[in-house]
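Note sheet for the following structure.
The values are calculated or read from the model by the stated rules, or taken from the named source; none is laboratory data. Please read all numbers here as calculations on a predicted model, not as lab measurements. Here the Cβ positions follow ideal geometry from the backbone for every residue, glycine too, while neighbour counts run over all protein chains shown. We work out accessible area using only protein heavy atoms, side chains counted, and drop any ligands, DNA or RNA first. Shrake-Rupley method; radii C 1.70, N 1.55, O 1.52, S 1.80 Å.
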Amino acid sequence: MSPAAPPTPSPASPAPRLLDWRVRFGVLALIWGFSFVFIKVGTEGFAPFQVTFGRLLFGTAVLAVALVVKRDRLPRGARIWGHLTVAALLLNALPFSLFAYAELTIPSTLAGICNATTPLWGMLLSLVALSEDRPTRVRAAGLGIGFVGVLTVLGAWQGFSGVDVTGTALALLASFSYAVGWIYVRRTLSGTGASNLSLAGSQVGLATLQLAIVTPLFTSMPTSVDVLPLLAVIALGALGTGYAMLLQYGVVAEVGPTTASMVTYFIPVIATAAGVALLDEQLTWNTPVGALIVLTGAALTQSRRTPRRKPHAHPVAGNTPTATSSAPRTTHNATSSVRPTPNGATAFAARTVATPPTPVAGTTDGTPTHPVVGNRSAGAERVGTTDGAPCRA
């Protein structure tokens, strides 16, 4: 008699997690917050392009192992790979390199705060690129407040004295690149059918190839390798670009993308604390105050207008619904949403969205079903650039 097949786990009772999601959420925030310190230490022994290449190389190695262990397949189709190549440039190769160059002249604390401006850029760009993403007064106010916070961090009333303008501009440009990349991914890679891990691993792998081409053209091999910068680059890639991505996907799957995206607001706080404690970076009053203003503005840009529900009308006299039509029907549409992640990869989360009941005879409730826009239901929570906050460096 052949042995019985192992029981298939029921979707209603997922496999238990070794760690509570709150613990993994905290670890995720710590890893991404310390990434700016790793970049700073790495640039003390390597050129910025070399730091970025090493980071992507070790990150790809971690994701490749995960792909083999889970026996996942790579995406198929030249079109998907073409879009992933652009996403790798905008979300990995370019911003990672810009942050590395920026931290040659600015402290890691300032780089971490500049990173927090990504949702501000995202909202500003979405008004132009995403016609369905309409602004509200609260979100517009958040945009203005956020940029006031940036000016506060930079000490604009002092003529930006003591701040390297070039390095700060590079860090802000890196955050801008994240926002552009997320909008691009939202418009091109939603609903590909490939898994989160497969898309992320392919994206980071393509970015590694891009840096493998660029790095030898602009840098030369270091004459000596110091242990501390090397360890920083390894940690930056293996933890910040590889393991943290796996953590983030797990948190998104367990508690949803909205809660997972809240990690954004912890990253600049941890980056500032780590820079001051470990690198003895100076901290003036306007830096934490400005960072708080930036985070407040970023949070306001993520607010959503709550749709008003039409009150159910009473049945019209003499036209009472029959028993067969009185029970409203609810259909469910599986939608695919694109969520940005704070390390430049893209989380693709599938959700089930309830469509409002079909009007029944004898009532005046004419609430229409949600029209489908692109690859998702318009009634679903909007996703993409302005929903989650940024990516850490």
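Out of everything in region 217-241 that is open to solvent by less than 40 Å² (accessible area, probe 1.4 Å) and more than 14 Å from the chain's Cα centre (by Cα), what residue ends up being nearest to Leu57 (Cα to Cα)? Filtering region 217-241 for residues that are open to solvent by less than 40 Å² (accessible area, probe 1.4 Å) and more than 14 Å from the chain's Cα centre (by Cα), the one nearest to Leu57 (Cα to Cα) comes out as Gly237. Kindly indicate whether Ala111 is modelled with pLDDT of 85 or more, under 18 Å from the mean Cα position of the chain (by Cα), small (Gly, Ala, Ser) and on the phi < 0 side of the Ramachandran plot. Spelling it out, Ala111 is indeed modelled with pLDDT of 85 or more, under 18 Å from the mean Cα position of the chain (by Cα), small (Gly, Ala, Ser) and on the phi < 0 side of the Ramachandran plot.
Could you check, for region 187-196, whether at least one of its residues is within 24 Å of Leu246 (Cα to Cα), in contact with an Asp or Glu (Cβ under 6 Å, 6 or more places away or on another chain) and not hydrophobic (A, V, I, L, M, F, W, C)? Yes; the residues of region 187-196 include at least one that is within 24 Å of Leu246 (Cα to Cα), in contact with an Asp or Glu (Cβ under 6 Å, 6 or more places away or on another chain) and not hydrophobic (A, V, I, L, M, F, W, C). Of the candidates Pro315, Pro328, Pro340, the single residue that is modelled with pLDDT under 75 and closer than 24 Å to Gly191 by Cβ is Pro340.
Listed conditions (1) open to solvent by 30 Å² or more (accessible area, probe 1.4 Å); (2) modelled with pLDDT of 95 or more; (3) in a helix (DSSP H, G or I) are all met by Val23, apart from (2).
Per this entry, Asp164 is counted among residues that are surrounded by fewer than 24 Cβ atoms within 10 Å (Cβ to Cβ), closer than 21 Å to Pro268 by Cα and among the acidic types (Asp, Glu). Taking residues in region 139-165 that are farther than 18 Å from Ala299 by Cβ, and partners anywhere that are polar (S, T, N, Q) and open to solvent by 60 Å² or more (accessible area, probe 1.4 Å), the pairs with Cβ atoms closer than 8 Å and at least 6 places apart or on different chains are Gly155/Ser161; Gly155/Thr284; Asp164/Thr105. The test for being free of Cβ contacts under 8 Å to residues at least 24 places away in the same chain and over 14 Å from the mean Cα position of the chain (by Cα) holds for Gly193.
Take the conditions (1) open to solvent by less than 50 Å² (accessible area, probe 1.4 Å); (2) under 23 Å from Leu63 (Cα atoms); Ile183 misses just one of them, which is (2). Restricted to region 215-266, the set of helices (runs of 4 or more DSSP H) holding at least 3 residues that are more than 17 Å from Asp20 (Cβ to Cβ) and in contact (Cβ under 8 Å) with a residue 60 or more places away in the chain comprises 227-235. Counting residues in region 94-105 that are of a type outside the set (S, T, N, Q), modelled with pLDDT of 85 or more and either touching an Asp or Glu at 6+ places or on another chain (Cβ under 7 Å) or over 28 Å from Ala273 (Cβ atoms) (or both) gives zero. When the residues of region 149-166 are filtered to those that are in a helix (DSSP H, G or I) and of a type outside the set (A, V, I, L, M, F, W, C), the one that is nearest to Ala116 (Cα to Cα) is Gly149. For region 242-255, the candidate set comprises residues that are under 13 Å from the mean Cα position of the chain (by Cα) and more than 23 Å from Leu57 (Cβ to Cβ); within that set, the residue that is least open to solvent (accessible area, probe 1.4 Å) is Val251.
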